[in-house]
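Here's the structure, in structure tokens; my notes come after.
The values are calculated or read from the model by the stated rules, or taken from the named source; none is laboratory data. Just so you know, these numbers come straight off a predicted model, no measurement behind them. Every residue, glycine as well, gets a Cβ built from its backbone with ideal geometry; the counts of neighbours run over all protein chains shown. Side chains included, ligands, DNA and RNA excluded: accessible areas come from the protein's heavy atoms. Shrake-Rupley method; radii C 1.70, N 1.55, O 1.52, S 1.80 Å.
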Amino acid sequence: MAGSGNEDNAEMEHRRLVEAIGAAGDVAYAWDVRSGSLDWLAPVPDALGGQFAALHTADGFAARIFPEDATLRAEALARHLSGAGAYECEYRIRDDHDDPVWVHDRGIARRDAAGQPLSIAGVLRLTGARKAREAQLDTSPTTTSSPATTTAPGSRIRWSRRWASRGATASRARTW
């Protein structure tokens with residue numbers, strides 16, 4: 001028997017949402033806090049590895065978190081589960097080869113009538129590329145004069161080490 005139009009529409013909307021989350025490079029999950037079961041709502045990114053997709057318990061997932069980061073995540077979860085704000089945390093997990101993969105984890109608990117957490121719906125976003133760019137910026141030589149502070153509001157500057165090595169100021173840098 002075919003489903004009703006409303007069920008078909010709901011299924012189509014669910015597929016669209018899962019596709020959009022996947023297109024962003026994210027993976028959504030549903031975690032049953034009471035049973036500990038963990039369901040991936042979209043394909044797990046290849047960067048995490050095939051074994052990662054086979055994790056279906058919160059404990060199995062937690063075992064993949066780097067020990068140095070596990071406390072930070074546990075504290076963020078405890079704050080959220082106690083009702084003190086949103087759950088958000090950035091930490092490293094181990095891929096199939098035990099290499100670190102940075103993720104930004106955000107979620108929200110669904111609660112029963114007494115306010116006790118039942119489940120958490122969340123999204124993992126891979127943030128390794130952003131972390132690498134930040135590390136590059138942190139190790140780049142800096143100048144004493146920031147181009148952003150010496151130009152007219154709204155102008156954009158193309159600033160390079162070549163200009164900085166020649167003693168260029170923001171007013172001599174090329175704008176576009």
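Here is the figure for region 92-131: residues that are within 9 Å of the chain's Cα centre (by Cα) and not aliphatic (A, V, I, L, M) total 6. What's the total number of residues in region 1-60 that are open to solvent by less than 90 Å² (accessible area, probe 1.4 Å) and in contact (Cβ under 8 Å) with a residue 24 or more places away in the chain? Number of matching residues: 20. Only one of the numbered conditions (1) over 21 Å from Leu77 (Cα atoms); (2) under 15 Å from the mean Cα position of the chain (by Cα) is not met by Val27, and that is (1). The condition of being among the acidic types (Asp, Glu), modelled with pLDDT of 75 or more and surrounded by 17 or more Cβ atoms within 10 Å (Cβ to Cβ) holds for only one of Asp105, Asp99, Asp138, Asp112, that being Asp105. For the residues Gly60, Gly36, Gly50, Gly85, the requirement of being within 15 Å of His97 (Cα to Cα) and among the small types (Gly, Ala, Ser) singles out Gly50.
Scanning region 50-82 for residues that are over 17 Å from the mean Cα position of the chain (by Cα) and not in a helix (DSSP H, G or I) returns Ala54, Leu55, His56, Thr57, Ala63, Ser82.
Of all residues in region 74-88, count the ones that are out of contact with any helix residue (DSSP H, G or I) (no Cβ under 8 Å at 6 or more places or on another chain) and crowded, with 18+ Cβ neighbours inside 10 Å. Can you show your working first?
Initially, region 74-88 is screened for residues out of contact with any helix residue (DSSP H, G or I) (no Cβ under 8 Å at 6 or more places or on another chain), giving 74-84.
Restricting the remaining residues to those that are crowded, with 18+ Cβ neighbours inside 10 Å gives 76-77, 80.
So the answer is 3.
On the basis of being in contact (Cβ under 8 Å) with a residue 60 or more places away in the chain and among the β-branched types (Val, Ile, Thr), does Ile120 make the cut? Spelling it out, Ile120 is indeed in contact (Cβ under 8 Å) with a residue 60 or more places away in the chain and among the β-branched types (Val, Ile, Thr).
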